[in-house]
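Reading through the structure tokens given below for one structure.
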Amino acid sequence: MTPSLSGFPPSQIRRLVIKIGSALLVDPQGEVREAWLRTLVADVAARKQAGQQIIIVSSGAIALGARRLKLPKGGRGSLEDAQAAAATGQIALSQCWASLLHERGITAAQMLVTLDDLENRRRYLNASATLERLMALDVVPVVNENDSVATAEIRFGDNDRLAARIGQAARADAVVLLSDVDGLYSANPHVDANAMLIETIERIDARIAGMADGGSASGMGSGGMTSKIEAARIATGAGAHLAIISGKVDSPLSHWSDGGKGSIFLAAQARGARKGWLAGRLTVRGRIVVDAGAEAALRRGNSLLPAGVARIEGIFARGDVVDILAEDGRVIARGLIEYDSEEAARIAGKRSEDIATLLGHLPRSVLVHRDHMAMV
């Protein structure tokens, strides 16, 4: 593991996001694992004392609420049950965090967000501003997805990716995911005794993505290694490191700092704020498939012209976010489209000088401008 980053020390990591999953925070009977949580809060307090700013992304509301409402299947039997459990459990979850942090002289703040809050540019900036102000006031924000209003179609679905997006919005230096495993392995360590821990990941390529296992070991949470690698893509693309470490030990942050195992995905060169937000989005309205020549032009920093487009997929309006794909299906870029889907389909593959005749009006010069595009 990279020695200078092991433990994400306050001297190097000014602002840190810590994500805690349901299986770590809530026991199988639906009660908070308070003794363990106190050790984590002690870690948080020590880091704050050393000058590190902390943001917590906490799961657990559905698991806590399901027990109080006596709902089957841990509150996940239906969307309505999950929403009711979340609404009930969130009160207990926030009270627990506020009480334990208060014992250490720390003020907690609750932030509940939906996928739309971070996919909509204006609301994303509002969330970013709120986080910045809370940091300035020396408060620890405790963030969770607002599952009481989220739908099956429009939600993060796991707090790994939420933590990465919150890290991006907060301009955090690093994100740490407390997990039921102590890092990324070459195979699932629960079933393969020969699986090897990958301590440092400099680039997320097909080999790294192929090591993921989508299952949640506890059955209580919603994320697996696949969601953690997707979170790492978002965080590292925003210029933040991301670590996966074990949360199954007491004082997990101290344990890691003292030499415990873990995996670190190293930050890539940070994009501009707007392009970082684009690249980290989880929803798009359409897909633009381009030929090899257009792919090469995009990688040189050019805008996307209609001539290089092989086909248009989806229904979208001007200004919507679309993915740009190579012919083999790889997503190579994401950007704001300058045409609606009907017009884009009409001019796909056409030369610029022919577009005015096809559309009957003076066209915009590009399909996606380079200033509104992020390579992924």
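A few comments on the model shown:
- Taking every residue in the range 183-205 that is surrounded by 13 or more Cβ atoms within 10 Å (Cβ to Cβ) and pairing it with any residue that is assigned to a loop (DSSP other than H, G, I, E, B) and basic (Lys, Arg), at least 6 positions away or on another chain, the pairs with Cβ-Cβ distances below 9 Å are Gly183/Lys261; Leu197/Lys261; Glu199/Lys261.
- Only one of the numbered conditions (1) on the phi < 0 side of the Ramachandran plot; (2) in a loop (DSSP other than H, G, I, E, B) is violated by Asp354, and that is (2).
To keep it simple, each residue is scored yes or no on (1) assigned by TED's automatic domain parsing to the domain that holds Leu100; (2) touching a residue at least 40 places away in the same chain (Cβ under 8 Å); (3) in contact with a strand residue (DSSP E or B) (Cβ under 6 Å, 6 or more places away or on another chain); (4) surrounded by fewer than 23 Cβ atoms within 10 Å (Cβ to Cβ).
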| residue | (1), (2), (3), (4) |
| --- | --- |
| Lys19 | yes, yes, yes, no |
| Pro28 | yes, yes, no, yes |
| Glu34 | yes, yes, no, yes |
| Leu37 | yes, yes, no, yes |
| Ala42 | yes, yes, no, yes |
| Val57 | yes, yes, yes, no |
| Gly60 | yes, yes, yes, no |
| Arg68 | yes, no, no, yes |
| Arg76 | yes, no, no, yes |
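- When each of Gly301, Gly349 is tested for being touching a residue at least 40 places away in the same chain (Cβ under 8 Å), farther than 23 Å from Lys275 by Cβ and not hydrophobic (A, V, I, L, M, F, W, C), the lone residue that passes is Gly349.
- Of the criteria (1) at pLDDT 95 or above; (2) in a helix (DSSP H, G or I); (3) at positive phi, which one Gly74 fails: (1)
Yes or no, residue by residue, for (1) at positive phi; (2) at pLDDT 95 or above; (3) in contact with a helix residue (DSSP H, G or I) (Cβ under 6 Å, 6 or more places away or on another chain); (4) among the hydroxyl-bearing types (Ser, Thr, Tyr):
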| site | (1), (2), (3), (4) |
| --- | --- |
| Ala98 | no, yes, no, no |
| His102 | no, yes, no, no |
| Ile106 | no, yes, no, no |
| Asn120 | no, no, no, no |
| Thr130 | no, yes, no, yes |
| Pro141 | no, yes, yes, no |
| Asp147 | no, no, yes, no |
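The values are calculated or read from the model by the stated rules, or taken from the named source; none is laboratory data. These figures come from a predicted structure and were not determined experimentally. Positions of Cβ are generated from backbone atoms using ideal geometry, with glycine treated the same way; all protein chains shown enter the neighbour counts.
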